[in-house]
């Protein structure tokens, strides 16, 4: 009962906070978010410990540097929340305003030119919600595969915000046929696959030198549809704006059918993700238990 009551409290306080953020200019909203992110780092000891432990293990940093990176993670997440509120009211125009730099847009053109659709592989790096809205703004209307939230009030609220930004949502527990239909019609599917989720099919591939349980959905979809996988990242810049980085499409061979093929292509996009996380470590969600699932066969 206490847990259920707490969820309602969090929900209503969030609604109040979101309302206030809508009323103030973005610069002040980001300043408030920065303060709240730093406060959350100090208060949320469990998540602070997870983040610092992950960072120390993956990046081999001393405690002082780990703390700086971990604090940046909390601040970035808070700023993402503030920008999301602004996206809900400002929509595509707001997205185009705060994305001031793009690299590799030609890779989207190349990917969709094949007529098989496109799988935009995002990650919990930078501001991934802004990425989906910006792609819609520049003409790549698509569907994002998301997870149902465990509390219905949260789910309804977050889904409502996404709908206001023009982003179409499909839940990952829905039929894969619906996803393949979008791709078959030449559409765009957006997917996040950089977390350890034991309720989805996955395999172990190295991530920062350690076997990490990684979803195979992107590669399986590419195998079934012929659509290329395009890793994409929306990175926060020091001036508060963002840059979009689009990597070259990963084309899955028509002959790829084996589990070894699945592993090879999953490893390929994971290596790209690791490169970008190394470049901007304070913008990835180190508070997630990325190496939670243990690879018993490998003795991890």
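The values are calculated or read from the model by the stated rules, or taken from the named source; none is laboratory data. Nothing here was measured: the structure is a model prediction, and the numbers come from that model. Every residue, glycine among them, receives a Cβ derived from its backbone with ideal geometry; neighbour counts consider all protein chains shown.
Annotations
- Test: residue 260 is in a helix (DSSP H, G or I), closer than 28 Å to residue 138 by Cα and at pLDDT 95 or above: no
- Residue match in the range 225-238 (condition: surrounded by fewer than 19 Cβ atoms within 10 Å (Cβ to Cβ) and farther than 26 Å from residue 274 by Cβ): yes
- Residue within the range 284-294 that is modelled with pLDDT of 95 or more, outside any loop (DSSP other than H, G, I, E, B) and either under 21 Å from the mean Cα position of the chain (by Cα) or surrounded by 19 or more Cβ atoms within 10 Å (Cβ to Cβ) (or both) present: yes
- Selection status of residue 162, under 25 Å from residue 271 (Cβ atoms) and surrounded by 15 or more Cβ atoms within 10 Å (Cβ to Cβ): no
- Scope the range 57-79; condition more than 16 Å from residue 285 (Cβ to Cβ) and either modelled with pLDDT of 95 or more or part of a helix (DSSP H, G or I) (or both); matching residues: 63, 64, 65, 67, 68
- Test: residue 102 is part of a strand (DSSP E or B), at pLDDT 95 or above and within 19 Å of the chain's Cα centre (by Cα): yes
- Residue 97 fulfils the conditions (1) assigned to a helix (DSSP H, G or I); (2) surrounded by fewer than 13 Cβ atoms within 10 Å (Cβ to Cβ); (3) modelled with pLDDT of 90 or more except for a single criterion, (2).
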